[in-house]
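Report on one structure; see the data block that follows.
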Amino acid sequence: MRLTREFRDQFIQHEMRTYGRKNGFVTTGQQARLERWLPVIGLPKDKTLNDADIPGGSPVVMEIGFGNGDFLVHLADMHADWTLIGVEIYLPGVAKAVGRLEDAGFIERARITQLPAQFVLERQVAEAQLDGVYINHPDPWPKARHHKRRLIQKDFAELLVSRLKAGGFIKLASDKPDLAEWMRDILDATPGLRNVAGVGGFVARDDDRPETKFEQRGHREGRKSQFLHYVKSEEDV
């Protein structure tokens with residue numbers, strides 16, 4: 001079923017221009033889960049993480065562009081003390097993620113927002129509030145004239161760093177070499193970040209890392225993923 005206008009007006013929130021899919025189809029059951037859980041774990045535009053009832057002492061880790069939620073479920077399973085902040089503008093993807101998190105028993109450890117990542121970081125996250133950020137297989141926007149649409153840009157990288165705690169991490173993955181090198185070059189040049197692999201380097205895949213659906217698609221098409229790992233330097237805080 002296609003989402004009703006009333007449902008979209010209530011739950012789809014776009015405060016900035018974004019590109020890519022935003023609306024789509026969900027099942028009746030998925031819509032029911034959204035209606036149950038978004039008022040509980042959702043992070044609407046008028047709230048911040050300080051309003052999100054995060055347990056004291058819990059590491060706060062964000063995934064930007066969580067797709068169908070498989071990686072969020074993996075993180076929740078591997079790190080029982082983490083509170084996960086999921087950022088995704090595609091509501092049918094949010095619907096799948098909410099279902100997966102609920103079925104796995106992790107739903108109350110997640111906070112979900114459908115707002116653009118830049119809005120979330122600027123308006124909803126305080127400085128030095130995040131322990132880590134994951135960005136898996138962001139849209140490559142391969143045409144040169146569309147490179148300005150890529151998520152990782154100089155200003156966005158600096159914003160990310162400002163929201164990380166000292167020692168906090170950014171982990172990224174892409175199966176598009178051009179995009180992987182683009183992200184690496186920008187982040188290598190961002191003050192306050194240290195490339196764990198050294199300037200110009202990529203890290204090995206984490207041993208416990210599951211394959212996302214985009215990574216599996218890349219394998220079928222003959223592409224190998226590359227991984228980046230950055231840490232916010234203590235001395236630059």
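Readers should treat all values here as calculations from the given coordinates under stated rules, not as data from a laboratory. All of these numbers come straight from a predicted model, not from anything done at the bench. Glycine also receives a Cβ, built like all others from the backbone with ideal geometry; neighbour counts cover every protein chain displayed.
Quick look at the values:
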{"quantity": "Cα-centre dipole for the chain with unit charges at Cβ (Lys and Arg positive, Asp and Glu negative), debye to 20", "calculated": "1100"}
{"quantity": "Dipole of the chain, positive direction: furthest Cα of TYR90, THR212, LEU49, with charges on the beta-carbon", "calculated": "TYR90"}
{"quantity": "As computed over the stretch 110-189, the Cα convex hull volume per residue (Å³)", "calculated": "105"}
{"quantity": "Approximate shape of the stretch 176-221 as ellipsoid semi-axes (Cα gyration tensor, √5λ), whole Å, largest first", "calculated": "24, 14, 8"}
{"quantity": "Whole-Å distance, taken between Cα centres, linking the stretch 97-143 and the stretch 188-236", "calculated": "18"}
{"quantity": "Partner lysines for LYS176 [C-alpha distance under 26 Å; skip if fewer than 8 residues away on the same chain]", "calculated": "LYS22, LYS96, LYS143, LYS148, LYS154, LYS213, LYS224, LYS232"}
{"quantity": "Percent of C-alpha pairs per 10 Å bin, the stretch 59-195, short to long", "calculated": "12, 43, 36, 9, 0"}
{"quantity": "Fraction of alpha-carbon pairs over 32 Å apart in the stretch 5-236 - percent", "calculated": "15"}
{"quantity": "Two-site label geometry, ARG145 and ALA104: point separation in nm, points 7 Å out along Cα→Cβ", "calculated": "4.0"}
{"quantity": "Helical contribution to [θ] at 222 nm, DSSP H n ≥ 4, -39,500 (n - 2.57), averaged over the chain, rounded to 500", "calculated": "-9500 deg cm²/dmol"}
{"quantity": "Relative contact order (%) - criterion: Cα under 8 Å, at least six apart; region: the stretch 194-237", "calculated": "57"}
{"quantity": "From phi via Karplus (6.51, -1.76, 1.60), per-residue ³J(HN,Hα) for the stretch 109-116 in Hz, x at Gly/Pro", "calculated": "9, 10, 10, 10, 10, 9, 8, x"}
